[in-house]
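Trainee: The following block contains the structure, expressed as structure tokens.
The values are calculated or read from the model by the stated rules, or taken from the named source; none is laboratory data. All values reported here derive from a predicted model rather than from experimental measurement. Ideal geometry is used to build each Cβ from the backbone, glycine not excepted, and the neighbour counts take in all protein chains shown. Accessible surface is based on the protein model in full, side chains and every heavy atom, while ligands, DNA and RNA are left aside. Shrake-Rupley method; radii C 1.70, N 1.55, O 1.52, S 1.80 Å.
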Amino acid sequence: MPSLQDHESAWITQKLQSLPLKSVDKGQRLYTEGQYFDTVYITLSGLYRSYYIFENQEVNLRFLAGHSLLCPLSSLGSLLYGGDKQKSVESIECVSAGQVFCLSVKDFIPHPKQNDYATHLKVFNTIVFEHYLSLERRLRMIQLKRAKQRYDYFCQVMPVDIVHGMPSFHIASYLGITPEALSRIKSKN
């Protein structure tokens, strides 16, 4: 897995300091499935969830906190290859109030003519790769583990603020189990 060097981490810190900060209220959607987007966000505080609608049910895809990238990643892929506008294929909602840094999509995507292109590209690739690995771990968890094992794994790998701060019905959706099954698992732990 790629890791960032000190000068790349310093580059991120410098970039974040120059970005506008936005307060986000609980329940506020930053992206809505089917709408065009032109901004990406980096979380400073708060809890967020990415979800889509399937058969009239909200299905949680990702939970985010800390310094995480908030954007519809699968939609972002089209923009990387020359698209100028893209609709979001997921919704992203604030679960507990927080703050996010705001960055236009065009400034988020590295461009070869930039002075800092090599650093920007490395940071961008690392962020995208970490998200890919996270989604792959989730897929393996759902395919290969039973309900209790999924919950135990979730508690092991997720940040503690997500484990304790995310409502149980969202966690159940993320784990691919019913809220009742999650309640039974928690009562036995």
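Trainee: Give the residue, chosen from Phe124, Phe101, that is in a strand (DSSP E or B) and either farther than 30 Å from Lys188 by Cβ or of a type outside the set (S, T, N, Q) (or both).
Mentor: Of the residues listed, the single one that is in a strand (DSSP E or B) and either farther than 30 Å from Lys188 by Cβ or of a type outside the set (S, T, N, Q) (or both) is Phe101.
Trainee: For Tyr153, are the conditions met, namely being buried (at least 17 other Cβ atoms within 10 Å of the Cβ), in contact with a helix residue (DSSP H, G or I) (Cβ under 9 Å, 6 or more places away or on another chain) and free of Cβ contacts under 8 Å to residues at least 60 places away in the same chain? I'd like the intermediate steps shown before the answer.
Mentor: On the way: buried (at least 17 other Cβ atoms within 10 Å of the Cβ): yes; in contact with a helix residue (DSSP H, G or I) (Cβ under 9 Å, 6 or more places away or on another chain): yes; free of Cβ contacts under 8 Å to residues at least 60 places away in the same chain: yes.
Answer is yes for this residue.
Trainee: Being modelled with pLDDT under 90 and in contact with a Cys (Cβ under 8 Å, 6 or more places away or on another chain) is the filter here, so list the residues in the stretch 1-56 that pass it.
Mentor: Leu19, Phe37, Thr39, Val40
Trainee: A further question on this structure: Suppose the filter is of a type in the set (A, V, I, L, M, F, W, C), without any contact (Cβ under 8 Å) to a residue 40 or more places away in the chain and either open to solvent by 60 Å² or more (accessible area, probe 1.4 Å) or assigned to a strand (DSSP E or B) (or both); does Ala118 pass it? Break it down into steps so the answer makes sense when it comes.
Mentor: Values: of a type in the set (A, V, I, L, M, F, W, C): yes; without any contact (Cβ under 8 Å) to a residue 40 or more places away in the chain: yes; either open to solvent by 60 Å² or more (accessible area, probe 1.4 Å) or assigned to a strand (DSSP E or B) (or both): yes.
Against the criterion (of a type in the set (A, V, I, L, M, F, W, C), without any contact (Cβ under 8 Å) to a residue 40 or more places away in the chain and either open to solvent by 60 Å² or more (accessible area, probe 1.4 Å) or assigned to a strand (DSSP E or B) (or both)), Ala118 qualifies.
Trainee: Still on this model: Determine which member of the set Ser173, Ser88, Ser104, Ser168 is polar (S, T, N, Q) and open to solvent by less than 20 Å² (accessible area, probe 1.4 Å). Working first, answer last.
Mentor: Details: Ser173 fails: open to solvent by less than 20 Å² (accessible area, probe 1.4 Å); Ser104 fails: open to solvent by less than 20 Å² (accessible area, probe 1.4 Å); Ser168 fails: open to solvent by less than 20 Å² (accessible area, probe 1.4 Å).
Every option except Ser88 fails the conditions.
Trainee: Filter the stretch 161-180 for residues that are outside any helix (DSSP H, G or I), touching a helix residue (DSSP H, G or I) at 6+ places or on another chain (Cβ under 7 Å) and on the phi < 0 side of the Ramachandran plot and give the result.
Mentor: Of the stretch 161-180, the ones outside any helix (DSSP H, G or I) are 166-167, 176-178.
The next check asks that each one be touching a helix residue (DSSP H, G or I) at 6+ places or on another chain (Cβ under 7 Å); those that pass are 176-178.
Listed by number, the residues that qualify are Ile177, Thr178.
Trainee: When you check Gln99 against the structure, is it open to solvent by less than 70 Å² (accessible area, probe 1.4 Å), farther than 30 Å from Asp25 by Cβ and out of contact with any Pro (no Cβ under 7 Å at 6 or more places or on another chain), yes or no? Break it down stepwise before answering.
Mentor: Details: open to solvent by less than 70 Å² (accessible area, probe 1.4 Å): yes; farther than 30 Å from Asp25 by Cβ: no; out of contact with any Pro (no Cβ under 7 Å at 6 or more places or on another chain): yes.
Against the criterion (open to solvent by less than 70 Å² (accessible area, probe 1.4 Å), farther than 30 Å from Asp25 by Cβ and out of contact with any Pro (no Cβ under 7 Å at 6 or more places or on another chain)), Gln99 does not qualify.
Trainee: Residue by residue through the stretch 126-148, note down the ones that are open to solvent by less than 80 Å² (accessible area, probe 1.4 Å) and either polar (S, T, N, Q) or at pLDDT 90 or above (or both).
Mentor: Of everything in the stretch 126-148, those that are open to solvent by less than 80 Å² (accessible area, probe 1.4 Å) and either polar (S, T, N, Q) or at pLDDT 90 or above (or both) turn out to be Thr126, Ser134, Glu136, Met141, Ile142, Lys145, Ala147.
Trainee: Which condition does Lys186 not pass, out of (1) modelled with pLDDT under 95; (2) open to solvent by 80 Å² or more (accessible area, probe 1.4 Å), if it passes all the others?
Mentor: Tallying (1) modelled with pLDDT under 95; (2) open to solvent by 80 Å² or more (accessible area, probe 1.4 Å), Lys186 fails exactly one: (2).
Trainee: Just to be sure I understand, how many residues within the stretch 124-145 are among the aromatic types (Phe, Trp, Tyr) and more than 13 Å from the chain's Cα centre (by Cα)? Reasoning before the result, please.
Mentor: If we filter the stretch 124-145 for residues that are among the aromatic types (Phe, Trp, Tyr), which is where we start, we get 124, 129, 132.
Now narrow it down to the ones that are more than 13 Å from the chain's Cα centre (by Cα): 124.
Residues meeting the conditions: 1.
Trainee: Just to be sure I understand, how many residues within the stretch 19-66 are small (Gly, Ala, Ser) and open to solvent by less than 20 Å² (accessible area, probe 1.4 Å)?
Mentor: Filtering the stretch 19-66 down to residues small (Gly, Ala, Ser) leaves 23, 27, 34, 45-46, 50, 65-66.
If we keep only those that are open to solvent by less than 20 Å² (accessible area, probe 1.4 Å) as well, we get 46, 50, 65.
Residues meeting the conditions: 3.
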